[in-house]
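For reference, the structure discussed in these notes is given below.
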Amino acid sequence: MTGFSNLVRLTARLCYTLSGCALAGIVLLTVTDVLLRMLKHPIVGTYELVGLLSAVVIGMSIPQSTLDHGHVLMDFLTNRFPPGLKIFLEVFTRLLGMILFLVISWNLWCFGDDLRTAGEVSLTLQIPQFPVAYCIAVSSLIQSLVLLVLALEKRKKRFSHE
Amino acid sequence: MSELAMLGLILTFLFVLFSLGLEIGFAMALAGFLGFGIVVNWDAAFNLLAKDIFSVFSSYGLTVIPLFVLMGQLGANGGVARDLYNAAYKFIGHVPGGLAIGTVGAATAFKAICGSSPATAATFASIAVPEMDRYGYDKRLSCGTVATVGTLGILIPPSVVLIVYGILTETSIGKLFLAGIIPGFIMAGSFVVTLVVWTRINPKIGPAGERSSWSERFKSLPPIFWVLFIFLIVVGGLMEGLFTPTEAGSVGSFGVLILTLIKKEMTFPRLIKAIKDTLRISCMVLTLIAGATVLGHFFLITRTPYYVATWLEGLAVPHLVIMLIIIAIYLIGGSFIEHLAFLILTTPIFLPVVVKMGYDPIWFGIIVSVVTMIGVIIPPMALNAFVVSGVTGVHRSVIYRGIYPFLIGMTICLFLYLLFPQLSLWLPYHFMR
């Protein structure tokens, strides 16, 4: 369990690093484009590249954000429940989230397959679109593993509580 | 099953998910997916889920959110807020309640580069509260002030709430930014008036600080000019059509980074922290938008905006009363879910009604922002009070008692903006045609 948990956490951190690099890439690319545009030499396809990098920024940051409790939730009700019930609900919602992200991951992968088969490319740079769908599919899969780890940790906490 | 019964069932399911503690963005996606599957068919629902998430995450337009958040986080981690507070303190610290008034001034200036309300509250809680403690300020006054001034970023550009509203409603972000300036300054003025009146009534809660010399005051001014310079480039570039909002966010972030590097305030660990904070906040907002997009498609096929519009029109009351009902729904709903999430969820439903009544969507954006400002400081989902409590260790009940006096001015401002739309609309329609 610890080994699995550590591996998932490490993967989430690696994705987060990638996400940060993509964010820095968007800033550098856009600022360079603005400067070069003033000199009448804009970078062709900036719009498309920023869209692609955006998918990496947001998609890859989801698992670590979940580990850091970065998503908003309504907890003022559950905070009033007895500790045992509260932990049970936490395990239940983590598992529900895990199933949701497994479904998202699978469907995004299929959507990527469709894009690849149809040969969908961006307008200017002719960049294939399917790797973006695959990228978000992979990050969704990692997200579901993160939620599984959190559920298992909460369950362990529940047993130790009992 | 009729459309309305299905809608009621899915909304009940959604609120059960919220109450159980599932993340709001995930809950919206799940409810929208299940509703779409039941009403249309499961193949379409699986397709919708993948396409909506793909289009939100890879959208060029939505990159504006992480970029403006980055600009604010770089400023917050790079010592810009401290310099602004220092300047405001030098000018006004010697009058009763002056440190708190200085906090309002510094936060207003800081808002020109930081659009995140909790980030500002956290930054000023760590800078201004210890200083006010040193002069024996009452905790209600110091903590209430920093929690409240944090909300200014919801109205003063580059506000994340205005950006999200602009994206949701396909309204010009440049116009929304300009529309927020006058109401933002009036709101800051109401905070100052509240502080002056409060310290007049009870001078012990905010004793006067030390008087600074004029040379010290002038030496503290340059950071204000630099912040103003970056603000003018960002908003001016947007107004003149030189930048897209995404480019404006990038240029602003780059400008703040250069400023903090020149000042030698930005170290590598601080830069990493700014990027991490940006990713966390942006991921939270974009996940909410993705979830709301899926749920929004379910609302569309069940004709929810039509039913809401029919219900509101059927009330046969003046338009202003309908607006007050909408505001009450935002305040009450946002108090239980989370204000940004509630805004993302309901704005596409209410906007058609508002536009049909003849109101301007830009003006509605400002009204929604002011309601959000009030929402983030009133319980039970008073995000800013949570943040200030977390940073200062002061109990939330004390912070709430410090927030309540400001609510009087904020409510008066809300009615002013409701009754006089020109306060919001004059700048955007005068400078951007």
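If I fit a long axis through the Cα atoms of helix B:396-419 and take the longest principal axis of the Cα atoms of chain B, what angle between them do I get, 0 to 90°, rounded to 10? Between helix and principal axis, roughly 70 degrees. Running Debye on region B:222-309 with equal point scatterers at the Cα sites and no solvent, what base-10 log of I(q)/I(0) appears at q = 0.10, 0.15 Å⁻¹? Here the Debye-derived log intensity ratios amount to -0.46, -0.78.
Taking 0.36 nm per residue of sequence separation and removing the Cα-Cα distance, the B:L242/B:F225 pair yields an extension gain of 3.9 nm. Taking a point 7 Å from the Cα of B:E3 along the Cα-to-Cβ direction, the residues of region B:350-366 with backbone N closer than 20 Å to it are B:350-357. Straight-line reach from B:K111: taking Cα to Cα under 14 Å and skipping same-chain neighbours fewer than 8 places apart, the aspartates and glutamates in range are B:D83.
Label sites at A:E153 and B:V197, each approximated as a point 7 angstrom past Cα along Cα to Cβ, lie 4.8 nm apart. Once the convex hull of all Cα atoms in region B:105-262 is built, its volume per residue stands at 127 Å³. For region A:1-71, the alpha-carbon radius of gyration amounts to 1.46 times the rule-of-thumb value 2.2 N^0.38 Å expected for a compact globular protein. Not counting the cut sites, what is the longest span of chain B without GluC sites (Glu not before Pro) that DSSP labels loop and that have at most 14 other Cβ atoms within 10 Å? My reading of the result: B:241-433 is the longest stretch. Note on region A:26-162: Cα-only Rg and Dmax are 20.6, 69 Å.
Scaled against the 2.2 N^0.38 Å expected of a compact globular protein of N residues, the Cα radius of gyration of region B:269-380 reads 1.23. Put in line by how crowded their Cβ is, counting other Cβ atoms within 10 Å and starting with the fewest, A:K40, B:K264 read A:K40, B:K264. Take each peptide in A:133-139, A:112-118, A:24-30, count the other Cβ atoms within 10 Å of every residue, and average; sorted highest first, the result is A:133-139, A:24-30, A:112-118.
Checking every one of the trypsin sites (Lys or Arg not before Pro) in region B:266-364 against DSSP loop status and a limit of 14 other Cβ atoms within 10 Å picks out B:R303.
Over region B:329-427, the ratio between the Cα radius of gyration and 2.2 N^0.38 Å evaluates to 1.19.
Peptide packing for B:223-234, B:63-74 was compared via the average number of neighbouring C-beta atoms within 10 Å per residue; ordered from the highest value, the list is B:63-74, B:223-234. Shielding value for A:47-55 is 6, the average number of Cβ atoms from other chains within 10 Å of each residue's Cβ.
What FRET efficiency would be calculated for the residue pair B:S126, B:T12, taking the C-beta separation as r and a Förster radius of 45 Å, to the nearest 0.05? According to the calculation, E is roughly 0.60. Taking region A:88-162 on its own, what percent of its Cα-Cα pair distances exceed 18 Å? Of all Cα-Cα pairs in region A:88-162, 53 percent lie more than 18 Å apart.
Put in order of Cβ neighbour count within 10 Å, fewest first, the listed residues A:D68, B:D138 become A:D68, B:D138.
Each 10 Å bin from zero holds the following percent of Cα-Cα pairs in region A:56-101: 22, 49, 24, 5. Rg over Rh for region B:21-138 works out to 1.27, using Cα positions for both radii and the Kirkwood form for Rh. Computed over the alpha-carbon atoms, chain B gives an Rg to Rh ratio of 0.98, Rh here being the Kirkwood radius from the mean inverse distance. Across region B:81-237, the relative contact order, built from alpha-carbon pairs under 8 Å that are at least six residues apart, equals 34 percent. Legend: distances between Cα atoms for A:K86/A:K157; B:K139/B:K204; A:K86/B:K51; B:K90/B:K263; B:K219/B:K264; B:K139/B:K264; pairs beyond 23 Å are A:K86/B:K51; B:K139/B:K264. Peptide B:285-292 has a mean shielding of 3, counted as Cβ atoms of other protein chains within 10 Å of each residue's Cβ.
Fewest-first ordering of B:R211, B:R82, B:R217 by other beta carbons within 10 Å of each residue's beta carbon gives B:R211, B:R217, B:R82.
Inter-chain neighbour count for B:3-16: the average number of beta-carbon atoms from partner chains within 10 Å of each residue's beta-carbon is 0. Once the mean of 1/r is taken over each pair of separate Cα atoms and inverted, the protein assembly as shown shows a Kirkwood hydrodynamic radius of 24.8 Å. With angles folded into 0 to 90 degrees, how steeply does helix B:361-375 sit against the dominant principal axis of chain B? Use alpha carbons for both and round to 10. Orientation of helix B:361-375: about 70 degrees from the principal axis. Applying 1/(1 + (r/R0)^6) with r as the Cβ-Cβ distance of B:H319 and A:F4 and R0 = 51 angstrom yields a FRET efficiency of 0.30. Normalising the average separation of contacting C-alpha pairs (under 8 angstrom, six or more residues apart) by the number of residues puts the relative contact order of chain B at 26 percent. Scattering from the C-alpha atoms of region A:76-125 alone, worked out with Debye: what is log10 I(q)/I(0) at q = 0.12, 0.29 1/Å? Listed by q, the Debye log ratios stand at -0.51, -0.98.
Taking the convex hull of the alpha carbon positions in region B:159-201 and averaging its projected area over all directions gives 3.3 nm². In degrees from 0 to 90, rounded to the nearest 10, what is the angle of the helix B:339-356 Cα long axis to the longest principal axis of chain B? Rounded to the nearest ten degrees, it is 70. Considering only A:Q143, A:Q64, A:Q126, the Gaussian network model of chain A with Cα springs below 10 Å gives its largest mean-square fluctuation to A:Q126. Here region B:100-196 is treated as a sphere whose radius is the Kirkwood value from Cα pairs; by Stokes-Einstein at 10 °C and 1.306 mPa s it diffuses with a coefficient of 117 µm²/s. Could you tell me how far the Cα centroid of region B:283-313 sits from the Cα centroid of region A:36-72, in Å? Comparing the Cα centres of region A:36-72 and region B:283-313, I get a distance of 26 Å. How far, in nm, would the chain grow between B:E265 and B:I329 when pulled straight, counting 0.36 nm per residue and subtracting the alpha carbon separation? Net length gain for the segment: 18.7 nm.
Values quoted throughout were computed directly from the atomic coordinates according to the rules given, and no laboratory measurement underlies them. Keep in mind that what you see is a predicted model, and the values were worked out from it rather than measured. Counting neighbours? That spans all protein chains shown, and the Cβs are built from the backbone with ideal geometry, glycine included.
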